[in-house]
Structure formats: structure tokens, C-alpha cells
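Trainee: Sharing a structure with you now.
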Amino acid sequence: MSRTAGGSWYCVPCGYTQLGLPTAIPADVTCPRCADATLHHAGATVRCRRRGCAYELDAEAFALFCRLVAELDADGPRFFHRVAARTAELRAREPYWLSDTREPLHR
């Protein structure tokens, strides 16, 4: 996949586009690893401030994590329905992005 100037990802062979996510980190989010320390957004990385906790994640990935947790908390059944639908969509595309000589990633 190629990254566009706007931060989105674009697959040249199949044309699939994944929109870029904002990297805003909510102020009240605690560390997923130690659950009691606040996180610090340092440039392109989110790190735990607690001494001894090694939690560190790319800011974009952490923003996605925060968005998904918020969606799950807001409406769990709807969230899992969307996840199942997206999984089915991706599995339907497998022949386009997996080589014929490789085994499928799932059964």
C-alpha cells in the first residue's frame, strides 16, 4: 500500500483506500498496560509516564485504539456487527491480494 499526501493509505492493485486517522489523543486516557498512569503524547509516539512501564505506541495507532474503544463503549453490539461485516468484506477480497501459491490466512 502507498501513503497519500493526506495521510490515507491506497492499494494500487485493488484500489482500496483507508482514510487516515486524526492523531488527537484524549487527555483522560490511561495506560492500557498499567491502567493507572497517564499517557504522554511525544510527537509521533504515545508513551506511558510511569517509571518501569514500557508502554509505547505510534500516535496514529493509539488514536485508532481510542476510537475503537469509544465505539465499543458507546454501542457494543453495533460495534461487533461492524467488525464482522468488515471481516467478511476483507475475506471476500482475499483472492485479489493473496498469491495462488500461498495458504489462506484463515480457515
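Trainee: Quote to one decimal, in nm, the extra length available between T38 and V83 on full extension: 0.36 nm per residue of separation minus the C-alpha distance between them.
Mentor: In short, 13.3 nm is gained.
Trainee: Also: When the solvent-accessible surface of protein heavy atoms is calculated with a 1.4 angstrom probe, in what order do R33, R93 fall, highest first?
Mentor: I get R33, R93, largest accessible area first.
Trainee: Let me cross-check R47: its accessible surface, 1.4 Å probe, with only protein heavy atoms counted, in Å² to the nearest 10?
Mentor: For R47, the solvent-accessible surface is approximately 100 Å².
Trainee: Right, here's the next one. Which percent of the accessible heavy-atom area of region 23-92 goes to carbon and sulfur, probe 1.4 angstrom?
Mentor: That share works out to 56 percent.
Trainee: At a probe radius of 1.4 Å, what is the per-residue accessible area of T87, in Å² to the nearest 10?
Mentor: The accessible area of T87 comes to roughly 50 Å².
Trainee: Test of understanding: what is the full-extension gain from D75 to C53, defined as 0.36 nm times their sequence separation minus their Cα-Cα distance?
Mentor: Length gained, D75 through C53: 4.8 nm.
Trainee: Let's test the formula: R0 of 22 Å, r as the Cβ-Cβ distance of R67 and E94. What FRET efficiency results, to the nearest 0.05?
Mentor: After rounding, the FRET efficiency stands at 0.30.
The values are calculated or read from the model by the stated rules, or taken from the named source; none is laboratory data. Computed from a prediction, not measured in an experiment: that's the story for all the values here. Methodologically, a virtual Cβ is constructed for each residue, glycine included, from the backbone with ideal geometry; neighbour enumeration extends over all protein chains shown. Remember, those area values only see protein heavy atoms, side chains included, never the ligands or the DNA or RNA. Shrake-Rupley method; radii C 1.70, N 1.55, O 1.52, S 1.80 Å.
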